[in-house]
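Beneath this line is the structure, given in structure tokens, with notes to follow.
Just so you know, all these numbers are worked out from the coordinates, no wet-lab data involved. Remember, it's a predicted structure, so these values are computed and weren't measured experimentally. A quick note on method: Cβ atoms are made from the backbone with ideal geometry, for glycine too, and the neighbour counts reach across all protein chains shown.
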Amino acid sequence: MARIKLRAILNMKVSATPTALELIEDLKKTHGKDLLFHQSGGCCDGSAPMCYPANEYMVGDKDVLVGEIGGIPFYISKTQHEAWKNTDLIIDCIKGMGGMFSLDNGTGRRFLTRSEICVPENSTIN
Amino acid sequence: MAIKRKKVAKKKTNKKKTKLVKVSKKISKTKKKVAKKKSATNKPSKVFKKKNKINNKKNREVTNMSTETVKSGVSASLDTSHLKVPFPFKSKYGNYIGGKFVEPKSGKYFDNVSPINNEVICQMARSDAKDVDAALDAAHEAFKEWGKTDITTRSNIMNKIADVLEKNLDLLAAAECLDNGKPIRECMAADLPLVIDHWRYFAGVIRAEEGSVAEISNSQYSYNIPEPLGVVGQIVPWNFPLLMATWKLAPALAAGNCSVLKPAEQTPASIMLMMELIGDLLPPGVVNIVSGFGLEAGKPLASSDRIAKIAFTGETTTGRLIMQYAAQNLIPITLELGGKSPNVFFEDIMDKDDAFLDKCVEGFVMFNLNQGEVCTCPSRALVQESIYDKFMEKVIARTKAVVQDNPLKMETMIGAQASVEQMEKIKSYLDLGKKEGAKVLCGGDVAKLNSGLENGNYIQPTIFEGDNSMRIFQEEIFGPVVSVTKFKDEAHALEIANDTLYGLGAGVWTRNGNIAYRMGRGIQAGIVWTNCYHAYPAHSPFGGYKQSGVGRETHKMMLNHYRQNKNLHVSYAENKLGFF
């Protein structure tokens, strides 16, 4: 019950761990600063935050700009945002092959989305 | 079904595997008769030896490049001798292009590890756009003939492919188990039998198919003739490496197309073994396999203006990107992007304590199949509140009885997650579920196994209790994790079942046919299994509603995703229309 209330009053925020910020900086060196993130859903690499050159991924008004990490805008589709919005996203970096066409792919490191329950700014959870 | 088949497979086991070499020799002979003239000339073994010599000269990153089967080179945890098959992999694989294994143009390889213990089992070509181009060249060359090859010939070749795979079922099963981490008994009882079934189904179905004729008038006819698209790009996921490759290759080839296929970088090896076994049954260039990373090899393939179609299985963000590329090239796509499938249990299942109830309990525990790495994993269970406590008691007990061990053991029911990163993702959801306030009914953590499996990727079968608004109910975790909630009545069950972004699969369990029918029609999903789950015969269509994708796979309807319709519109009238 508390959760349903939370959905109404809270909004997703995104942040990045120091290791993720480091990887973002490394990707900027290789691919330039004009990048974006798009939060994926679904199977296989679903739930992975994908990083692309900004001009290669089309975002539109069916996407929500959640915030910025390392100066890079972070998007999620509107429908997924609705389902996920009681959580804050913490973008981490772990060892791995990376997701599909995302720029971390093949670097030996990859981004991983971790999540926390949103903390209300001016109210308490009941 | 799975278990029955397993017994059959087991019986055969002893005799067969040791005969591998003989079998492939036999095949080389028969295949020459099947595939026309020049088509199938390269015996895989020779090609391999050649290729490895080339590699020896040029490769910079790999030092140890034995052409021998590794056999003794791996640790005891990866030993396959109890299955009566040799270690299935060579020490390294190039790309399979134009009917032979060739070194990647950059000379680069990457390590392929087994999720069983994260040990390196072989090295794979780390391909780039140049290799994709070479594969596309070979495919376009091959299409000139293959697209016109008569249907009987194509069908016969596909039947031969099925025969060879069947003869080598245990070896391929061991390869799939090592590459992906799934239990050997699933590989032997489900993955490989389905692969074989699929080749045979499409071999059969194209023989019985024909175009149509419309009589527009008594002197004017429209002949509809299916024609192949040409060269298609196919990107395969890591959860069922051989089966997903077959889901894409078999209909494409049956329809007369040539393919450039990229396996997932997490599971790139078993398909190379498959090509070693069946490659010479096909004319060179009809199937080309390019291994490597998504960004370096998958993207050039998906965005190429030399493919007539792209088929992709994966997640939604990449699915959108694939559509973008397809939009630029104005080509068709098929996408399979996952789900969050509801598995609905009505109270009447507990009217009797009988075999059917036992089947329902198994139906719940199916979330463990393939470690939950299935797009249609029944990862949301909806249980009617009147039977909730009693039914949950049974399914928890059954879940706790799931044997988790080295997937190469015949008794193992749940193996290793396909990659470390996948295991990390599942862990992040286990954490989140707890933070969201879901109750852990069993499992809930990483499984620590010993005896050489300490470094493998193991997750405990986990049951969460919560409500459908939680993220663990809304997003595909792709692990052995089910989230359970209660419902009051049929309408409530349907409401929860459809409260999701996805619509790939669903399960309905009831003794009441009317409820089953209404729920089956009401649930917005491509496949609703009624009193069964995880059934994937070749002639049962598979695909998603909503954000689960575009198009269907399996079933003869798949052929039209790989074909154009040629309308030959003919007038047999002598006289002009009279307009001009």
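Let me spell it out: the conditions are (1) surrounded by fewer than 18 Cβ atoms within 10 Å (Cβ to Cβ); (2) in a loop (DSSP other than H, G, I, E, B); (3) more than 7 Å from every other protein chain (Cβ to nearest Cβ), and A:M58 meets all of them except one. Which number is the exception?
Among (1) surrounded by fewer than 18 Cβ atoms within 10 Å (Cβ to Cβ); (2) in a loop (DSSP other than H, G, I, E, B); (3) more than 7 Å from every other protein chain (Cβ to nearest Cβ), the lone unmet condition for A:M58 is (3).
Regarding B:V195, is this residue away from every other protein chain (no Cβ under 14 Å), β-branched (V, I, T) and either assigned to a strand (DSSP E or B) or crowded, with 24+ Cβ neighbours inside 10 Å (or both)?
Numbers: away from every other protein chain (no Cβ under 14 Å): yes; β-branched (V, I, T): yes; either assigned to a strand (DSSP E or B) or crowded, with 24+ Cβ neighbours inside 10 Å (or both): yes.
So B:V195 passes the test.
Does B:E336 fit the bill of being acidic (D, E) and either under 17 Å from the mean Cα position of the chain (by Cα) or away from chain A (no Cβ under 14 Å) (or both)?
So B:E336 passes the test.
Select from the range B:516-543 the residues that are of a type in the set (A, V, I, L, M, F, W, C) and buried (at least 19 other Cβ atoms within 10 Å of the Cβ) and write down the one among them that is farthest from B:V195 (Cα to Cα). Steps first, please.
So the first thing to find is which residues in the range B:516-543 are of a type in the set (A, V, I, L, M, F, W, C), and the list is B:516, B:519, B:523, B:525, B:527-529, B:532, B:535, B:538, B:542.
Going one step further and asking which of them are buried (at least 19 other Cβ atoms within 10 Å of the Cβ), we end up with B:519, B:523, B:525, B:527-529, B:538, B:542.
Values: B:M519: 31, B:I523: 29, B:A525: 24, B:I527: 20, B:V528: 22, B:W529: 21, B:A538: 9, B:F542: 15 Å.
In this case the residue turns out to be B:M519.
Given the conditions (1) away from every other protein chain (no Cβ under 13 Å); (2) more than 15 Å from the chain's Cα centre (by Cα), report the number of the one that A:I72 does not fulfil.
It fails just one condition, (2).
If I ask for residues that are within 25 Å of the chain's Cα centre (by Cα) and either buried (at least 24 other Cβ atoms within 10 Å of the Cβ) or under 19 Å from B:E347 (Cβ atoms) (or both), which ones from the range B:473-487 would you list?
First, pick out the residues of the range B:473-487 that are within 25 Å of the chain's Cα centre (by Cα): B:473-483.
Within the range B:473-487, B:F473, B:E475, B:E476, B:I477, B:F478, B:G479, B:P480, B:V481, B:V482, B:S483 qualify.
Could you list, in sequence order, all residues of the range B:288-310 that are farther than 14 Å from B:G230 by Cα and either among the hydrophobic types (A, V, I, L, M, F, W, C) or in a helix (DSSP H, G or I) (or both)?
B:I289, B:V290, B:F293, B:G294, B:L295, B:E296, B:A297, B:G298, B:K299, B:P300, B:L301, B:A302
Could you list all residues from the range A:78-98 that are within 7 Å of another protein chain (Cβ to nearest Cβ) and touching a strand residue (DSSP E or B) at 6+ places or on another chain (Cβ under 8 Å)? Give the derivation first.
Taking the range A:78-98 first, the residues within 7 Å of another protein chain (Cβ to nearest Cβ) are A:79-80, A:83-84, A:87, A:94-97.
Selection gives A:Q80, A:W84, A:T87, A:I94, A:K95, A:G96, A:M97.
Among the residues of the range B:237-266, which ones are of a type in the set (A, V, I, L, M) and not in a strand (DSSP E or B)? Break it down stepwise before answering.
Keep residues of the range B:237-266 that are of a type in the set (A, V, I, L, M), which gives B:242-245, B:249-250, B:252-255, B:260-261, B:264.
Within the range B:237-266, B:L242, B:L243, B:M244, B:A245, B:L249, B:A250, B:A252, B:L253, B:A254, B:A255, B:A264 qualify.
Filter the range B:467-508 down to residues that are more than 25 Å from B:R398 (Cβ to Cβ) and among the small types (G, A, S) and give me whichever is nearest to the other protein chains (Cβ to nearest Cβ).
B:S469
For residues that are out of contact with any helix residue (DSSP H, G or I) (no Cβ under 9 Å at 6 or more places or on another chain), of a type in the set (D, E) and not in a loop (DSSP other than H, G, I, E, B), tally how many sit in the range B:469-504.
Residues meeting the conditions: 1.
Which residue out of B:V344, B:V365 is in contact with a helix residue (DSSP H, G or I) (Cβ under 6 Å, 6 or more places away or on another chain) and part of a helix (DSSP H, G or I)? Step through it out loud before you land on a result.
Details: B:V344 fails: part of a helix (DSSP H, G or I).
Answer to the check: B:V365.
Please determine whether any residue of the range B:369-385 is crowded, with 23+ Cβ neighbours inside 10 Å, within 14 Å of chain A (Cβ to nearest Cβ), touching a Lys or Arg at 6+ places or on another chain (Cβ under 6 Å) and assigned to a helix (DSSP H, G or I).
Yes, there is a match, as at least one residue in the range B:369-385 is crowded, with 23+ Cβ neighbours inside 10 Å, within 14 Å of chain A (Cβ to nearest Cβ), touching a Lys or Arg at 6+ places or on another chain (Cβ under 6 Å) and assigned to a helix (DSSP H, G or I).
List the pairs whose first member sits in the range B:285-302 and is more than 8 Å from chain A (Cβ to nearest Cβ), whose second member is acidic (D, E) and crowded, with 24+ Cβ neighbours inside 10 Å, and whose Cβ atoms are under 8 Å apart, counting only residues at least 6 apart or on separate chains?
B:V290/B:D131; B:S291/B:E265; B:G292/B:D131; B:G292/B:E265; B:A297/B:D131
From B:A139, B:A174, B:A135, grab the single residue that is part of a helix (DSSP H, G or I), under 18 Å from the mean Cα position of the chain (by Cα) and buried (at least 22 other Cβ atoms within 10 Å of the Cβ).
Numbers: B:A139 fails: under 18 Å from the mean Cα position of the chain (by Cα); B:A135 fails: under 18 Å from the mean Cα position of the chain (by Cα).
Every option except B:A174 fails the conditions.
Somewhere in the range A:54-61, is a residue aliphatic (A, V, I, L, M), free of Cβ contacts under 8 Å to residues at least 24 places away in the same chain, in contact with a helix residue (DSSP H, G or I) (Cβ under 6 Å, 6 or more places away or on another chain) and closer than 24 Å to B:K262 by Cβ? It would help to see each step written out before you state the result.
If we filter the range A:54-61 for residues that are aliphatic (A, V, I, L, M), which is where we start, we get A:54, A:58-59.
After this cut, where a residue has to be free of Cβ contacts under 8 Å to residues at least 24 places away in the same chain as well, the list is A:54, A:58-59.
Subsequent filtering for residues that are in contact with a helix residue (DSSP H, G or I) (Cβ under 6 Å, 6 or more places away or on another chain) retains A:58.
Subsequent filtering for residues that are closer than 24 Å to B:K262 by Cβ retains A:58.
Yes; the residues of the range A:54-61 include at least one that is aliphatic (A, V, I, L, M), free of Cβ contacts under 8 Å to residues at least 24 places away in the same chain, in contact with a helix residue (DSSP H, G or I) (Cβ under 6 Å, 6 or more places away or on another chain) and closer than 24 Å to B:K262 by Cβ.
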